[in-house]
Amino acid sequence: MDYRSEWSTRALSKLRSIIARLSERDPDAAQRLQVSIYEKIAFLRSFPFLAEVYQRVAEGEIRETQVGSYRIFYLVSASEPIIRILRIQHVRMNDPDWGE
């Protein structure tokens, strides 16, 4: 069974920002990164439990995967077949504070 994917406003905004910034320097790299991220999300829709559990929360499990130099944090819902993309951030950034 494939899961649906949803993007948080924050994650989608961050993805757009990353792609826009990279496009200024290297449009081809930006395109490749964007395609790679969307392909990874499509893969996770079929196999949401393959990535490592980052944190367990009441709503389900926050898992982490990586595409290039970017970490993707997503929630696998405990009650519905949904993965929710929560954050995308560069690997050099500190771990997210989920209380933000």
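The values are calculated or read from the model by the stated rules, or taken from the named source; none is laboratory data. Everything numeric in this text was worked out from a predicted model, so none of it was measured. Cβ sites come from the backbone with ideal geometry, for glycine too, and all protein chains shown count toward neighbours.
Assess whether I82 counts as being among the aliphatic types (A, V, I, L, M), under 23 Å from L33 (Cα atoms), surrounded by 11 or more Cβ atoms within 10 Å (Cβ to Cβ) and at pLDDT 95 or above.
Taking the combined requirement at face value, the residue does not satisfy it.
Tally the residues that are of a type outside the set (S, T, Y) and over 14 Å from the mean Cα position of the chain (by Cα), restricting the search to segment 48-91.
9
For (1) touching a Leu at 6+ places or on another chain (Cβ under 6 Å); (2) hydroxyl-bearing (S, T, Y); (3) more than 29 Å from M1 (Cβ to Cβ), each residue gets a yes or a no:
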| position | (1), (2), (3) |
| --- | --- |
| I18 | no, no, yes |
| R21 | no, no, yes |
| D28 | no, no, yes |
| Y38 | no, yes, no |
| R45 | no, no, no |
| F73 | yes, no, no |
| P81 | no, no, no |
| R87 | no, no, no |
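Return the total of residues in segment 1-47 being in a helix (DSSP H, G or I) and in contact (Cβ under 8 Å) with a residue 60 or more places away in the chain.
Residues flagged as in a helix (DSSP H, G or I) and in contact (Cβ under 8 Å) with a residue 60 or more places away in the chain within segment 1-47 amount to 6.
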